[in-house]
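Working notes, structure below.
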Amino acid sequence: MTLETALRRSDHRVTRPRQLVWDVLHEAGTHLSAAEIVDAVHVLDPGVNSSSVYRTLGLFAELNLVRESRLGETSTWEPAHEDAVIHLICSRCGTTSHHDAAVVDTLRAQLEQSGNFEPHSIDVTVTGRCAHCSTAS
Ligand SMILES: [Zn+2]
Ligand SMILES: [Zn+2]
């Protein structure tokens, strides 16, 4: 899906900051903090205001185009994706990574079968220490 298609559905226009934030998130292939997104956008176009980057992230989150992984004060961002994945967040360095987990699909199937609750999105986050931080300490 292009950004234009995604935004047109909600009557929003493509602007330069929106296009750049979208490109940065899709090319990164990893979870980025807002500060890292601002830096990457500035590499492409130093003229883009940091506050437009933050506003764009807010808009994308509202439209479910991005997924925010939050731990305390810090957040990382990535393009929205299927939820059959667990997010691992390092509580020391804030690095976020994915863990494929069949348990999410199992949980969804169990909830659907129970008939008591219809799941829309399942967001499982595990906090702990990443490999780098657990060997560093
Ligand atoms: Zn870490
Ligand atoms: Zn993710």
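Each value in this text was obtained by applying a stated rule to the coordinates, not by laboratory testing. Keep in mind the model is a prediction, meaning the values are calculated, not measured. Heads up, the Cβs are rebuilt from the backbone with ideal geometry, glycines too, and the neighbour counts pull from every protein chain shown.
Would you order 11, 123 from fewest to most other beta-carbon atoms within 10 Å of each residue's own beta-carbon?
11, 123
Taking the square root of 5 times each eigenvalue of the Cα gyration tensor, what semi-axes in Å does the equivalent ellipsoid of the chain have, largest first?
Those come to 28, 23, 11 Å.
May I ask what percent, to the nearest 5, of DSSP beta bridges between residues of the chain are antiparallel?
Percent antiparallel among DSSP bridges in the chain is about 70.
In whole Hz, what ³J(HN,Hα) sequence does the range 116-131 give by Karplus (6.51, -1.76, 1.60; θ = phi - 60°), x for Gly and Pro?
The phi angles translate into 8, 8, 9, x, 9, 10, 10, 10, 9, 10, 10, 9, x, 10, 6, 4 Hz.
Given the rule -39500 (n - 2.57) for each run of at least 4 DSSP H residues, summed and divided by the residues of the chain, what is its mean residue ellipticity at 222 nm, to the nearest 500 deg cm²/dmol?
-13500 deg cm²/dmol
If you place +1 on the Cβ of every Lys and Arg, -1 on the Cβ of every Asp and Glu, and leave all else neutral, what size is the dipole of the range 24-137 about its Cα centre, to the nearest 20 Debye?
In debye, rounded to 20, the range 24-137 gives about 380.
So if each residue of separation counts as 0.36 nm, and I subtract the Cα-Cα distance between residue 97 and residue 51, what length gain in nm does that give?
Between residue 97 and residue 51, full extension yields 13.9 nm more.
Could you give each residue of the range 36-50 its phi-based ³J(HN,Hα) in whole Hz, using Karplus coefficients 6.51, -1.76, 1.60 with θ = phi - 60°, and x for Gly or Pro?
So the J values, rounded to whole Hz, are 5, 5, 4, 4, 5, 5, 5, 5, 7, 7, x, x, 7, 5, 4.
In debye to the nearest 20, how big a dipole does the range 85-136 give about its Cα centre with +1 on each Lys and Arg Cβ and -1 on each Asp and Glu Cβ?
For the range 85-136, the charge dipole is close to 360 debye.
What shape does the range 85-136 have by the C-alpha gyration tensor, where a ≥ b ≥ c are the square roots of the eigenvalues, rounded means a/c under 1.5, and otherwise prolate means a/b greater than b/c and oblate the rest?
Note, shape of the range 85-136 comes out prolate.
Would you please classify the overall shape of the range 1-51 from the alpha carbon gyration tensor, given that a ≥ b ≥ c denote the square roots of the eigenvalues, rounded means a/c under 1.5, and beyond that prolate means a/b larger than b/c while oblate covers the rest?
Cα axes put the range 1-51 in the oblate bin.
With +1 assigned to the C-beta of every Lys and Arg and -1 to the C-beta of every Asp and Glu, and no other charges, what is the dipole magnitude of the range 3-79 about the Cα centre in debye, to the nearest 20?
Dipole magnitude for the range 3-79 comes out near 300 debye.
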